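Student: Below is a structure I'd like to ask you about.
The values are calculated or read from the model by the stated rules, or taken from the named source; none is laboratory data. As the structure is a prediction and not an experimental result, all values here were calculated from the model. Please note: Cβ atoms are built from the backbone with ideal geometry, for glycine as well, and neighbour counts cover all protein chains shown. Just the protein is used for accessible areas: all its heavy atoms, side chains included, with ligands, DNA and RNA removed. Shrake-Rupley method; radii C 1.70, N 1.55, O 1.52, S 1.80 Å.
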Amino acid sequence: MLDILLNLQKSAPVSFELIAVNLDQKQPGFPEEVLPEYLASLGIEYHIIEKDTYSIVKDKVPEGKTTCGLCSRLRRGILYNFAEEHGVTKIALGHHRDDMLETLFLNMFYGGKLKSMPPVLHSDDGRNTVIRPLAYAREKDIARYAALREFPIIPCNLCGSQENLQRQVIKDMFQTWDKQHPGRLETMFRALCNVEPSHLADPNLYDFKEGKRLGGKRQAVVQSAEPEASPDFGRLDVLNI
Ligand code: SF4
């Protein structure tokens, strides 16, 4: 994502600054030298935030329970604070299309919600805006690009959390589908972008009595997905998580 944004910076019709940020959460075995070496070699502004959220999560979450909920809340708070302290106007996260589909399935299977990760998200308190520039990119294309460009890779299975394992099960299922039914993932993603509230069963999104679509909140999110053309897009915070 950083590589793509650095290239985009040169040709985009809007101007923006970039700061690369990585959060070292002190998981055992985290190869802490890899990213600083790489980022230093690019000669760009970067920050490595060191916070031992791993110990907090291990201390607070009972053995065998999923740790991702608390871990990601802590991480989000740290990143939001960093963004505010450094005058950052957009936090860019590296999630891609397959992350979004996996999250959709995880939320359906374990959370009882039809919910994924949006390409643009405004934090509830209005302090931060998260963007996901790779939202429409397939993981396999990104993997090919990463191999071609020889990016340093950090494994994402260091904590061994249950949610991570469940995500892996869904990922395996997607890979099988992709081989046996080419195009299925693309169709699923199209469905994520083409929701019909009148054909679901959420009375907060659709007034089934009156036959009307509801939800000013939904409209606000859709509008915000297309930022106004502006000569200055502000500072982007590129986060590798
Ligand atoms: S997989 Fe591990 S590092 Fe990632 S959110 Fe879950 S607990 Fe945190």
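Student: For the range 35-169, what relative contact order do you get, as a whole percent, if you take Cα pairs closer than 8 Å and at least 6 residues apart?
Tutor: Relative contact order comes out at 25 percent.
Student: Principal axis lengths of the range 1-72 from Cα atoms, whole Å, largest first?
Tutor: So the three principal-axis extents are 49, 25, 14 Å.
Student: Return the Rg/Rh ratio of the range 97-143 with Cα-based radii and a Kirkwood Rh.
Tutor: 1.04
Student: Here's something else I'd like to know. Given a Förster distance of 25 Å, report the FRET efficiency between H199 and D172 from their Cβ-Cβ distance, rounded to the nearest 0.05.
Tutor: 0.25
Student: Once the whole set of protein chains is in place, how much accessible area is left on E210, using a 1.4 Å probe, in Å² to the nearest 10?
Tutor: 120 Å²
Student: Please report, in debye to the nearest 20, how large the charge dipole of the chain is about its Cα centre when each Lys and Arg carries +1 at its beta carbon and each Asp and Glu carries -1 there.
Tutor: I would put it at about 820 debye.
Student: Any idea what the relative contact order of the chain is, in percent, if you count C-alpha pairs under 8 Å spaced at least 6 apart?
Tutor: That works out to 31 percent.
Student: Could you tell me what a quarter of the Cα convex hull surface of the chain works out to, in nm² with one decimal place?
Tutor: 15.3 nm²
Student: Which translational diffusion coefficient, to the nearest whole µm²/s, is obtained for the range 61-193 from the Stokes-Einstein equation, given a Kirkwood hydrodynamic radius over C-alpha pairs, 37 °C and 0.692 mPa s?
Tutor: 198 µm²/s
Student: Given R₀ = 35 Å, what would the calculated FRET efficiency be for I56 paired with L148, taking r from the Cβ atoms and rounding to 0.05?
Tutor: FRET efficiency, I56 to L148: 0.40.
Student: Can you tell me the accessible area per residue over the range 21-173, all protein chains present, probe 1.4 angstrom, in square angstrom?
Tutor: Using a 1.4 Å probe on heavy atoms only, each residue of the range 21-173 averages 57 Å².
Student: Could I ask something else about it? Summarise the accessible area of the chain (1.4 Å probe, protein heavy atoms) by the percent that is carbon and sulfur.
Tutor: In the chain, the share of accessible area belonging to carbon and sulfur is 54 percent.
Student: Oh, and also: Can you pull the Rg over Rh of the range 1-121, Cα-only, Kirkwood?
Tutor: 0.99
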